[in-house]
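Here is the structure we will look at.
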Amino acid sequence: MEVKKTTVEKVRELAQPIADELGFFLWDVRFEKEGATWYLRVLIDKDGGIDMDDCEAFTRPMNKVLDEADPIAQSYVLECGSPGLGRELRRPEHFEVCIGDVIRVRLIRPDENGEKEFVVGLVGYDKDKILCQKLDEDMNGVENVEFKLEDCAYVKLNDDADLF
């Protein structure tokens, strides 16, 4: 029995070889509706960050492959870009590559102390939870804490904190 792939899975399979060839990390693929328009967002990254030339270098072959494979029946807008600062961690490889980084965790509901948002150091990951350390004012780990992913509204890299 053949398992039907989602649009995102199909596009990820098409995008991965292009990202590999260009030396990029395929961060995420999203197919999202905003208003009446569908957006196919392919987010790429590399050490040192992505610039407009990188986006263009990726978009040209991606457009060609999408035209040939035609994996999406309806009309959509293709956007290729960087996941940006404060990027959301959604896939296992996101968590694995960010171990040792400071992250922002927002819970769906407040915890037993009434807290809903945490800035913590990511120290580990498994399929159901993330292992973290609460940080003191000098950003040193002071207490272990874990969060079940099902309880998280989002988990983001906290590399944009100094912008606010």
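For the stretch 109-157, how many residues meet the condition of being of a type in the set (S, T, N, Q) and surrounded by 12 or more Cβ atoms within 10 Å (Cβ to Cβ)? Steps first, please.
At the first step, the residues of the stretch 109-157 found to be of a type in the set (S, T, N, Q) are 113, 133, 140, 144.
Going one step further and asking which of them are surrounded by 12 or more Cβ atoms within 10 Å (Cβ to Cβ), we end up with 133, 144.
Of the residues in the stretch 109-157, 2 are of a type in the set (S, T, N, Q) and surrounded by 12 or more Cβ atoms within 10 Å (Cβ to Cβ).
In the stretch 9-18, is there at least one residue being among the charged types (D, E, K, R) and crowded, with 17+ Cβ neighbours inside 10 Å? Quick ask: steps written out before the conclusion?
The initial filter retains those residues of the stretch 9-18 that are among the charged types (D, E, K, R), namely 9-10, 12-13.
Retained after the next criterion (residues that are crowded, with 17+ Cβ neighbours inside 10 Å): 10, 12.
Scanning the stretch 9-18 turns up at least one residue that is among the charged types (D, E, K, R) and crowded, with 17+ Cβ neighbours inside 10 Å.
Could you tell me whether the stretch 24-34 includes any residue that is in contact with a helix residue (DSSP H, G or I) (Cβ under 9 Å, 6 or more places away or on another chain), at pLDDT 95 or above and assigned to a loop (DSSP other than H, G, I, E, B)?
There is at least one residue in the stretch 24-34 that is in contact with a helix residue (DSSP H, G or I) (Cβ under 9 Å, 6 or more places away or on another chain), at pLDDT 95 or above and assigned to a loop (DSSP other than H, G, I, E, B).
How many residues, within the stretch 71-108, are surrounded by fewer than 14 Cβ atoms within 10 Å (Cβ to Cβ), under 18 Å from Lys10 (Cα atoms) and among the aliphatic types (A, V, I, L, M)?
Matching residues across the stretch 71-108 total 2.
Table: residues versus (1) without any contact (Cβ under 8 Å) to a residue 24 or more places away in the chain; (2) of a type outside the set (A, V, I, L, M).
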site: Trp27; (1), (2): no, yes
site: Phe31; (1), (2): no, yes
site: Tyr39; (1), (2): no, yes
site: Gly49; (1), (2): no, yes
site: Thr59; (1), (2): yes, yes
site: Leu66; (1), (2): no, no
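What number of residues in the stretch 50-70 are surrounded by fewer than 18 Cβ atoms within 10 Å (Cβ to Cβ) and not in a helix (DSSP H, G or I)?
Count: 2.
In this structure, is Glu115 at pLDDT below 95, within 25 Å of Met139 (Cα to Cα) and in a loop (DSSP other than H, G, I, E, B)? Give the derivation first.
On the way: at pLDDT below 95: yes; within 25 Å of Met139 (Cα to Cα): yes; in a loop (DSSP other than H, G, I, E, B): yes.
Judged against the criteria, Glu115 is a match.
The values are calculated or read from the model by the stated rules, or taken from the named source; none is laboratory data. Note that the coordinates shown come from a computational prediction; the quantities given were computed from them, not determined experimentally. With ideal geometry, Cβ positions are generated from the backbone for all residues, glycine too; neighbour counts draw on all protein chains shown.
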